[in-house]
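Enquirer: I have a structure I would like to understand better, so I am pasting it below and will then ask my questions one at a time.
Just so it is clear, none of the values below were taken in a lab; they were calculated from the coordinates. Since the model is a prediction, treat every value here as computed from it, not as a measurement. With ideal geometry, Cβ positions are generated from the backbone for all residues, glycine too; neighbour counts draw on all protein chains shown.
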Amino acid sequence: MCIRDRMVVAYNMSGWRTIAGILKTPKSDVSVLIVTFLLTVIFDLTIAIEIGLLLAVVLFLRRVTENTEIKIYSEQLDVAEGTDLGKHEVLDVAKGVSVYEIDGPFFFGVATKFDEMMRTTLGTKPLVRIIRMRKVSFIDATGLHNLEILIKSSQSEGIHIVLSGVKPNVRESLEHAGIDRLIGRDHICDHITKAVVMANGIVASINAANARQ
């Protein structure tokens, strides 16, 4: 193969169009490309791919953590909010009930973020905390551990915990960790409507018991 043919093959293999496209992506993706390129030149392709892949995973987890929101609702809750449903159903949340919605996967980064948010709102102690998990696609060991700590600390203060919108795979993880036995299987609901009805009923029972005393 002559030098000219080798140059043509090298040019076709370089994928410069792909590289030019990547340079227009977010800086985190560009940084992975540059680090992988430099490691390939300095060491070898195997090391470069391993470290580049690890760096890409770390940056992806950071991006997911930053984009995951934790919302707090009280008094009223629109069931269709955050969905494509055209029909809006507004639920009346009783005084003494707080709704916390986790918008994204509940892994270690988000679990820490959720724990910090809960610590900042512990000054206002509701009678029932609803944790809405309709958008939680999975939960890892750290998320389960933080959730267990939250449940136990809430129960020690007389605060009930109700989980809402739990997906089947997430419910399986919760049951495997014993969360269902900790709060009661009936406190894990598949829809927010059931969770609000249960929470409002708990508040009504507590208020009625206090009125009789």
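Enquirer: Starting from 0.36 nm per residue, how many nanometres of slack lie between Phe43 and Glu148 once their C-alpha separation is accounted for?
Expert: Details: separation 105, 0.36 × 105 = 37.80 nm, distance 4.54 nm.
So the extension gain works out to 33.3 nm.
Enquirer: Express in nm, to one decimal, how much length is gained between Asp29 and Thr193 on full extension, taking 0.36 nm for each residue of separation and deducting their alpha carbon distance.
Expert: 54.9 nm
Enquirer: Moving on. How would segment 145-213 be classified by its alpha-carbon gyration tensor: rounded, prolate or oblate, with rounded meaning a/c under 1.5 and the a/b versus b/c comparison settling the rest? Intermediate values should be presented prior to the final figure.
Expert: On the way: a/c = 3.04, a/b = 1.56, b/c = 1.95.
Oblate, because a/c is 1.5 or more while a/b does not exceed b/c.
Enquirer: Tell me the label-point distance for the pair Arg62, Ala141, using the 7 Å Cα-to-Cβ offset, in nm and rounded to one decimal.
Expert: About 2.5 nm separates the two model spin labels.
Enquirer: R0 = 30 Å: FRET efficiency of Arg212 with Arg181, Cβ-based, nearest 0.05?
Expert: My answer for the efficiency is 0.50.
Enquirer: State whether segment 173-213 is rounded, prolate or oblate according to the following rule on the C-alpha gyration tensor (a ≥ b ≥ c being the square roots of its eigenvalues): a/c under 1.5 gives rounded; otherwise a/b larger than b/c gives prolate, and the remaining case gives oblate.
Expert: Oblate is the answer for segment 173-213, as a/c is 1.5 or above yet b/c matches or exceeds a/b.
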